[in-house]
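Novice: Below you'll find the structure I mean.
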Amino acid sequence: MNESRIKSNIQISENYFLMEIESPDDIKDIKPGHFLNLRVNSINSTDPLLRRPISIHDYNPESGSVFLLYKRVGRGTEILSTYKKDDKINFLGPLGNGFTVDFKKKKILLMGGGMGAAPLYYLCRVLSRENRLTVLLGANDKDELVYFLEIFKNTGAEVHSASIDGSCGHKGNVIDLCLMENIYDYDYIYSCGPVPMLKELQKLAFEKDLKGEFSLEERMGCGIGLCLSCVCKTVKGNQRVCKEGPVFPLEEVIFE
Amino acid sequence: MNESRIKSNIQISENYFLMEIESPDDIKDIKPGHFLNLRVNSINSTDPLLRRPISIHDYNPESGSVFLLYKRVGRGTEILSTYKKDDKINFLGPLGNGFTVDFKKKKILLMGGGMGAAPLYYLCRVLSRENRLTVLLGANDKDELVYFLEIFKNTGAEVHSASIDGSCGHKGNVIDLCLMENIYDYDYIYSCGPVPMLKELQKLAFEKDLKGEFSLEERMGCGIGLCLSCVCKTVKGNQRVCKEGPVFPLEEVIFE
Amino acid sequence: MLEIDLSTKLASLELKNPVITASGTCGFGEELNEYIDIEKLGALTVKGITVKAWSGNKQPRIAETPSGILNSIGLENPGITGFIDEKLPVLANYRLPVFVNISGHSIDDFVFLAEKLAPYPEISGIEVNVSCPNIEGGGMAFGTDSSLVYQVTREVRKVYPGIVILKLSPNVTDIVEMAQAAEEGGADVISLINTLLGMKIDIKRRKPELGNIFGGLSGPAIKPVAVRMVYQVASKVKIPIIGMGGIMSGSDAIEFLMAGASAVAVGTAAMVNPVLLLKIIDEIRDFMKDNKITKLSEIIGQALL
Amino acid sequence: MLEIDLSTKLASLELKNPVITASGTCGFGEELNEYIDIEKLGALTVKGITVKAWSGNKQPRIAETPSGILNSIGLENPGITGFIDEKLPVLANYRLPVFVNISGHSIDDFVFLAEKLAPYPEISGIEVNVSCPNIEGGGMAFGTDSSLVYQVTREVRKVYPGIVILKLSPNVTDIVEMAQAAEEGGADVISLINTLLGMKIDIKRRKPELGNIFGGLSGPAIKPVAVRMVYQVASKVKIPIIGMGGIMSGSDAIEFLMAGASAVAVGTAAMVNPVLLLKIIDEIRDFMKDNKITKLSEIIGQALL
Ligand SMILES: Cc1cc2nc3c(=O)[nH]c(=O)nc-3n(C[C@H](O)[C@H](O)[C@H](O)COP(=O)(O)OP(=O)(O)OC[C@H]3O[C@@H](n4cnc5c(N)ncnc54)[C@H](O)[C@@H]3O)c2cc1C
Ligand SMILES: Cc1cc2nc3c(=O)[nH]c(=O)nc-3n(C[C@H](O)[C@H](O)[C@H](O)COP(=O)(O)OP(=O)(O)OC[C@H]3O[C@@H](n4cnc5c(N)ncnc54)[C@H](O)[C@@H]3O)c2cc1C
Ligand SMILES: Cc1cc2nc3c(=O)[nH]c(=O)nc-3n(C[C@H](O)[C@H](O)[C@H](O)COP(=O)(O)O)c2cc1C
Ligand SMILES: Cc1cc2nc3c(=O)[nH]c(=O)nc-3n(C[C@H](O)[C@H](O)[C@H](O)COP(=O)(O)O)c2cc1C
Ligand code: FES
Ligand code: FES
């Protein structure tokens, strides 16, 4: 269990917030794909009771900063959005297995749907040093894309976007973008986002015999492997998203 | 229901805190003996659920300030103690009936046990303009008395104190002090504090046929007369401390 | 502009909206009316009335628990005569349906109370409380035995011409059995739930915190149990349900409606903040607007399979 | 310096302190051991084991409620053989008493499981779960019928030489009746309480939030009900009680001890923050120090009249 000082917590669009926290000294190994489980209740309160899992959006060991990007969707994330600079935040983590990052000179595709793009950013930064990356981003509208477009472009990756309402990039979903790419070209693919998207991408990957990894989300109780709240179906049987995951080889996940 | 800005919230001894809040414009009539029922839960939280009743310690219509003096005894008051300048505080009130204040040229005794002295201060300020006041204060030790001694002395009242451990004033309880006074001399007596003290004082008052008022405390659900949580026994039957009280003629209260 | 119809039906009675005060948490309306215009509510249910005036249980009568409260008021009330003489004339001034909650120690008590209230058209119905955990030698016992629930309902039904609501106890193994007994006995409406029996210990004094040892648990803590019971009962009985237990917001109320309640009652929330009663109505309306639902009936029972 | 003795007895077994993990919320100890030294606990109760391996219920399996959680894990577990082959060898490495929670659909299931576990001295006892709300056609039904509780206990007792703990369901009218049935059947210890049956509705999707519709309510919300049941049972049975339901702090644990529990189990709190398990032990010790109590036994049952 850790407690960190919040360096900043800024609203970057109507419902998106970026929080920068001090990385505690005893935490050295923060990998892309890890997540933190954040406490959202105040002192002496048992409500809300559960922690909220949020992915590592970025990590800067030099400045000792961990970045979290979150969308305000319910009361937990609303509470997070009220935290101010110098408030303390309590969390468990970093948790989970993380993405595979030991590639070199490969052509890699990252595909993020909605908030699924959040954990891909740190991954993109790490991989882009020695690989060629293409990033496909999908969202409902421009508002949900501007921030991501900007940061991913700064990594040097090639970035394309799709929006359902057509207000930014291709009008349609991110799977359309994928179909427009020459998918055989890629050595590896990473994705995070809504299940219907992952499902379609898995179908495509199976067709083209493409390897890669998915980062999954499930409701969590403990976030540390105790309670079996968060299991997903895989070819190896049920696996805990918080412990064996959240990242799974794309070919192992079984979608219903 | 009101929401006010906190002007300050300072720790005045180990467990005593003084909060100054802006008095809302639409509240004009704040009487000694009134109390506020303060919300202590944060946004989106249902725990702790109940409000906390705290008496008006002082009121300054010119500066538009209401003062609350509270002791940190449990989680509600602990939460209150964390509030900072410019935070908002939500409350219902002013509630209750308040003390009788239309005396002139009388000799009046105020007797406060522990935190019971808190509501007596505003009363003392109001009455001391046109009456002669003696204030008897009792507490466990010096720490609980210094602040009260100072402020009551500033009203021009004659002040005596007793502490159980003898660290301040008379060693013993405040009833001893009372016995040391020539109680016949007084026209009216006001008291607030622990039940055993009030009970003894009532006995004394009955013997000497003295009139006066007690401000009582009971656990409250609503604070506005809906739920009957807070009733006390009186010669008129059960009465709600939050609605018919908290101030009752001393001769009407029935202690078990 | 979408025309939103919040009205709902409880047997023959139409309420302009589904929000009712829960018995015992809003007195007899008068005090509440100082804070909100009570005529904006769907209906008012008053504090439980007994045959004789009653002074209730020992102090303390209330204790706070995580997201909940325990109460052991113990049915303090002016008795049926006191109610009719002092409270009813005031209630008659309000233009809104009033339900009178009644409690007894025997079937005769309930019948006596129902008969006494029968002549007053200013009362829309009676809520028969067979579930009070706070009176000795009875109260809750009625609500935990389905044959007693059936008998009480049938006898009260015979003497009371208005709406008969049975308020059931959640402290039972099978709530559906109790609800079916009430339906068979001739109840028009079922109220679910009364408080869960609970207690708290004051570890400093090493004693139960409430003067009465046990108390009834209400508030948000019990909402999941309450919604579950409404859901279970709604698919097994035909008469309408008033759902309650921990409603603090419009969303909470909608949970109960979707679980099959035709109306909801709000207790603890009104104690914490009386304004919530009206806010809940507004929030239900807003939800309907946002989701382009024009009639409350389109929500009721939506989550039932 | 005051010597504080935190040890407590559960039948023939002495625990060095009264804090036990609640079944299903601490896996099989291994993951928990990454966060705290589990050997500091009084005992460990593992996830419920069934005859066959089980993959549990549909997602979502967990939902948050006011000061509580609803779960419908559905007893996902490796089955008795998987448990004995894969989990037990790991558990055997820890120097602390282990209880194995078992669940079945029939008396035969329970007997079969008890027989399978009987040969292992590294297991201190079995916790017979007649109260799981999350398995179909059984589970909780056992715990709501006192004659079944009696029979299950008696049959399990015959085949299991170690400590037999009966874990009872709170979803009953009369918990004392169930506890007495367990005592008569020969149980050594009673565990109180399992989760309350509840549900939550997702008003956006207009559907139950859990894949399994109903779930078990745990956490601080249920503490008042749990303390009440421990208190009621403690004055009516002679065998020791493990109290649980919403314990988050030393004070909460002491409430249960004063209500008559000889030990306590902690579930939801460990999920929220595993460190709380040890903090609770420390807080109990601090309370005793502050109050000059040297033996835990001086606290147990103190609030009973
Ligand atoms: C491994 C992992 C990483 C995540 N990373 C991010 C991220 O980087 N940025 C971000 O914005 N969101 C992320 N999420 C989703 C985020 O956890 C939820 O949006 C958040 O918990 C919602 O909480 P709430 O109280 O605002 O919403 P509510 O709907 O009020 O939450 C109610 C309950 O449901 C749970 N819940 C709700 N939505 C989700 C969800 N999508 N996934 C899991 N649990 C949920 C909550 O944790 C809570 O217990 C991640 C989820 C997981 C599992
Ligand atoms: C009319 C009135 C005026 C008061 N004025 C003051 C004041 O000016 N300054 C001050 O320090 N205290 C005052 N009190 C007492 C104050 O309300 C309690 O100390 C406070 O509620 C404790 O809350 P807690 O959460 O810190 O304690 P906890 O013990 O954790 O509270 C648990 C519950 O018990 C209730 N409770 C606990 N102690 C009391 C008590 N003594 N009286 C009523 N309810 C209680 C709380 O409101 C809460 O619902 C007053 C009480 C009443 C009834
Ligand atoms: C202080 C208090 C007094 C109550 N008195 C009664 C009563 O007299 N009759 C009754 O049927 N229910 C009574 N109840 C139960 C409520 O009507 C309601 O069923 C219960 O509190 C659950 O709703 P809530 O969580 O919204 O409060 C009382 C509840 C409280 C908190
Ligand atoms: C996720 C989860 C899984 C559980 N699994 C089991 C189980 O397998 N067997 C069992 O007897 N109880 C199980 N329980 C119930 C707990 O052991 C405990 O009785 C209950 O949660 C109340 O305690 P708490 O409030 O401290 O969690 C489970 C509870 C939770 C929250
Ligand atoms: S959330 Fe508990 S095991 Fe994953
Ligand atoms: S606190 Fe509710 S009537 Fe006084």
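Taken together, the values in this text are just the output of simple stated rules run on the coordinates, not laboratory data. The structure presented is a predicted model; accordingly, all values stated were derived computationally and were not measured. Note that we place each Cβ from the backbone using ideal geometry, even for glycine, and neighbour counts take in every protein chain shown.
Novice: Give me the Kirkwood hydrodynamic radius of the stretch B:107-249 in Å, from all C-alpha pairs, to one decimal place? Intermediate results must be reported in sequence, preceding the final value.
Specialist: On the way: mean 1/r = 0.0643 Å⁻¹.
It works out to 15.6 Å.
Novice: Under the Karplus relation 6.51 cos²θ - 1.76 cosθ + 1.60, θ = phi - 60°, what is the ordered set of whole-Hz ³J(HN,Hα) values for the stretch C:161-169, x standing for Gly and Pro?
Specialist: For the stretch C:161-169, the Karplus-derived couplings read x, x, 6, 9, 9, 9, 9, 9, 8 Hz, x marking Gly and Pro.
Novice: As a quick test, which of the pairs A:K28/D:K52; B:K233/D:K238; B:K107/B:K142 have an alpha carbon distance above 30 angstrom in this structure? Display every interim value, and only then the final one.
Specialist: On the way: A:K28/D:K52 42 Å; B:K233/D:K238 40 Å; B:K107/B:K142 27 Å.
Result: A:K28/D:K52; B:K233/D:K238 exceed 30 Å.
Novice: A further question on this structure: What nm distance separates the two modelled labels at A:V73 and C:E115, each placed 7 Å from Cα along Cα→Cβ?
Specialist: The two pseudo-label positions are separated by 6.1 nm.
Novice: Which longest run of chain B has no exposed loop site in it, a site being chymotrypsin sites (Phe, Trp or Tyr not before Pro) in a DSSP loop with at most 15 other beta carbons within 10 Å, and the site itself not part of the run?
Specialist: Working: sites that count: B:F103, B:F255.
Answer from the scan: B:104-254.
Novice: Another question about this same structure. Of B:M115, B:C227, B:I189, which is farthest towards the positive pole of the stretch B:107-249's charge dipole, taken about the Cα centre with +1 and -1 on the beta-carbons of Lys, Arg and Asp, Glu respectively?
Specialist: Comparing the listed Cα positions along the dipole, B:C227 ranks first.
Novice: Please list, ordered by chain and number, the residues whose modelled amide H lies under 5 Å from the amide H of A:A157; skip anything fewer than 5 residues away on the same chain.
Specialist: Amide H neighbours of A:A157, under 5 Å, 5+ apart: none.
Novice: Given the rule -39500 (n - 2.57) for each run of at least 4 DSSP H residues, summed and divided by the residues of the protein assembly as shown, what is its mean residue ellipticity at 222 nm, to the nearest 500 deg cm²/dmol? Don't skip to the end; give the middle numbers.
Specialist: Values: 29 runs with 274 residues, N = 1122.
Theoretical 222 nm ellipticity from helices: -7000 deg cm²/dmol.
Novice: For a quick check: sort C:I293, A:I164, D:I281, C:I20 by the number of other beta carbons within 10 angstrom, fewest at the front. Kindly include the intermediate steps, with their values, before the conclusion.
Specialist: Values: C:I293 18, A:I164 14, D:I281 21, C:I20 27.
Result, fewest neighbours first: A:I164, C:I293, D:I281, C:I20.
Novice: Is chain C rounded, prolate or oblate when judged by the Cα gyration tensor, a ≥ b ≥ c being the square roots of its eigenvalues, rounded requiring a/c under 1.5 and prolate requiring a/b larger than b/c?
Specialist: Working: a/c = 1.32, a/b = 1.19, b/c = 1.11.
Rounded.
Novice: Taking each label point as 7 Å beyond Cα in the direction of the beta carbon, state the distances from D:E14 to the same residue in the other copies, shortest first, in nm.
Specialist: 7.6
Novice: Next question. Mind listing the phi-derived Karplus ³J(HN,Hα) values for the stretch A:186-199, rounded to whole Hz, using 6.51, -1.76 and 1.60 with θ = phi - 60°, and x for any glycine or proline?
Specialist: Coupling constants for the stretch A:186-199: 8, 7, 7, 9, 10, 8, 8, x, x, 4, x, 5, 4, 4 Hz.
Novice: If you line up the long axis of helix B:117-128 against the longest principal axis of chain B, both from Cα atoms, how many degrees apart are they, to the nearest 10?
Specialist: Relative to chain B, helix B:117-128 is tipped by roughly 70 degrees.
Novice: If you place +1 on the Cβ of every Lys and Arg, -1 on the Cβ of every Asp and Glu, and leave all else neutral, what size is the dipole of the stretch A:2-95 about its Cα centre, to the nearest 20 Debye? Walk me through the numbers on the way to the answer.
Specialist: Values: 13 positive and 13 negative charges, 60 e Å.
Dipole size: approximately 300 debye.
Novice: List the distances, in nm to one decimal, from the label point of C:E39 to the label points of the same position in every other copy, shortest first, placing each label point 7 Å from Cα along the Cα-to-Cβ direction.
Specialist: Here C:E39 shows inter-copy label distances of 7.5 nm.
Novice: List the relative contact order of chain B as a percent without decimals, with contacts defined as Cα pairs under 8 Å and 6+ residues apart. Display every interim value, and only then the final one.
Specialist: Numbers: 573 pairs, mean separation 43.3, N = 256.
Averaging sequence separation for qualifying contacts and normalising by length gives 17 percent for chain B.
Novice: Please give me, ordered by residue number, the trypsin sites (Lys or Arg not before Pro) of the stretch C:240-299 that lie in loop per DSSP and have at most 16 other Cβ atoms within 10 Å.
Specialist: Numbers: sites: C:K279, C:R285, C:K289, C:K292, C:K295; in loops: C:K292.
Those that pass, being in a loop and sparsely packed, are C:K292.
Novice: What does the copy distance list look like for B:E207, label position 7 Å along Cα→Cβ, in nm and ordered from shortest?
Specialist: Listed shortest first, these distances are 9.9 nm.
Novice: Hey, another quick one. Determine which chain B residue has its Cβ at minimum distance from the rotation axis mapping B onto A, giving the value in whole Å.
Specialist: Rotation axis B onto A, closest Cβ, rounded to whole Å: B:D47, 2.
Novice: Further question: Over 28 Å between C-alpha atoms is what I'm after, so list which of D:K223/D:K295; C:K87/C:K289; A:K84/C:K200; C:K200/D:K292 land there.
Specialist: Numbers: D:K223/D:K295 25 Å; C:K87/C:K289 38 Å; A:K84/C:K200 36 Å; C:K200/D:K292 23 Å.
From D:K223/D:K295; C:K87/C:K289; A:K84/C:K200; C:K200/D:K292, over 28 Å: C:K87/C:K289; A:K84/C:K200.
Novice: Output the Cα-based Rg and Dmax of the protein assembly as shown in Å, rounding Rg to one decimal and Dmax to a whole number.
Specialist: Cα radius of gyration and Dmax of the protein assembly as shown are 31.4, 103 Å respectively.
Novice: Could I ask something else about it? Binned at 10 Å from 0, what are the whole-percent values of the Cα-Cα distance distribution for the stretch B:2-95, short to long?
Specialist: Whole-percent P(r) values from 0 Å outward: 16, 55, 26, 2.
Novice: What residues from the stretch C:180-195 fall in the zone where the backbone N is under 17 Å from a label point 7 Å along the Cα-to-C-beta line of C:S147?
Specialist: C:180-182, C:184-185, by backbone N distance to the label point.
Novice: Restricting to DSSP loop positions (anything but H, G, I, E, B) with no more than 14 other Cβ atoms inside 10 Å of their own Cβ, which GluC sites (Glu not before Pro) remain in the stretch D:60-136? Working shown, then result.
Specialist: Working: sites: D:E64, D:E76, D:E86, D:E115, D:E122, D:E127, D:E136; in loops: D:E76, D:E122, D:E136.
Of the GluC sites (Glu not before Pro), the ones in loops of the stretch D:60-136 whose Cβ has at most 14 other Cβ atoms within 10 Å are D:E122, D:E136.
Novice: Amide H neighbours of D:L196 under 5 Å, counting only residues 5+ apart in sequence or on other chains, H built in-plane at 1.01 Å?
Specialist: Here D:L217 satisfy the definition.
Novice: Let me ask you something else. Please list, in order along the stretch B:131-146, the HN-Hα scalar couplings obtained from phi with the Karplus expression 6.51 cos²θ - 1.76 cosθ + 1.60 (θ = phi - 60°), rounded to whole Hz, x for Gly and Pro.
Specialist: Each residue's phi maps through the Karplus curve to give 9, 9, 10, 10, 10, 10, 10, x, 7, 6, 8, 4, 3, 7, 10, 3 Hz.
Novice: For the stretch D:77-168, state which trypsin sites (Lys or Arg not before Pro) are in a DSSP loop and have at most 11 other beta carbons lying within 10 Å of their beta carbon. Walk me through the numbers on the way to the answer.
Specialist: Values: sites: D:K87, D:R95, D:K116, D:R154, D:R157, D:K158, D:K167; in loops: D:R95.
Sparse-neighbourhood loop trypsin sites (Lys or Arg not before Pro): D:R95.
Novice: Give me the percent relative contact order of the stretch B:2-95, please, defined on Cα pairs under 8 angstrom at least 6 residues apart.
Specialist: Details: 183 pairs, mean separation 37.7, N = 94.
After rounding, I find 40 percent.
Novice: Anything over 20 Å Cα to Cα? Flag those among D:K16/D:K279; C:K58/D:K236; B:K199/C:K58, in the order listed.
Specialist: C:K58/D:K236
Novice: What aspartates and glutamates sit close enough to A:K203 to cross-link, taking a C-alpha to C-alpha distance under 14 Å and skipping anything fewer than 8 places away on the same chain?
Specialist: A:D176, A:E213, A:E251, A:E252, A:E256
Novice: Here is a further query. What is the set of long-range amide H partners of B:S229 at a cut-off below 5 Å, with H atoms built 1.01 Å from backbone N?
Specialist: B:G221, B:C222
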